[in-house]
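Computed from the coordinates by the stated procedures, all read-outs in this text should not be read as laboratory data. None of the values given here were measured: they were computed from a predicted structure. Cβ coordinates were reconstructed from backbone atoms using ideal geometry, including for glycine residues, and neighbour counts include every protein chain displayed.
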Amino acid sequence: MSKNFYKMNLQEKQEFTKNFINKELQKHNIKELPIKFSGRMTRTLGQFEQKAIKTNNGWKKVAPSQFKISNKMLKEATIKSIKDTLLHEIAHYLTDYLYYKDLKYTQNHNQKFKKVCNILNCDGMSQAKDYRKVNGK
Ligand SMILES: [Zn+2]
């Protein structure tokens, strides 16, 4: 890492975040997604969003949509908890679209999710505040 993370301004931290996520996705051969930053997210630190539709058997995922990351977290959190959060969101993406394609849409932090967290070397449950938003009900 070139510059000390805590000396970066918000824009530099956002660049750092994009590089971190995209590098991880490349490692696992999975398509990059748009990464958005929000000044409104205060309690949620990060979100992996996907499009889903409601069927008779519950929600069915259709396509991955984007990552949304809280500016407040980037400004206030430690680099360790930021990385944990980003990996946690990446784990949701990988769980649904790479390793367990056949799964129905689920927001659970189930065994399969935890297995993916192990592959990513992240503590999947270190931040329990996140949630995934379903677009276009
Ligand atoms: Zn989660």
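Taking packing as the residue-averaged number of other Cβ atoms within 10 angstrom, the listed peptides 37-50, 16-29, 79-92 run from highest to lowest as 79-92, 37-50, 16-29. Computed from the C-alpha gyration tensor, the three semi-axes of the ellipsoid equivalent to segment 5-135 are 24, 15, 14 Å, from longest to shortest.
In this calculation the C-beta distance from Lys101 to Ser81 is compared with R0 = 30 Å, giving a FRET efficiency of 0.50.
A simple rule links phi to the HN-Hα coupling: the Karplus curve 6.51 cos²θ - 1.76 cosθ + 1.60 with θ = phi - 60°, which for segment 65-74 gives 10, 6, 9, 10, 10, 7, 4, 4, 4, 4 Hz, with x for Gly and Pro.
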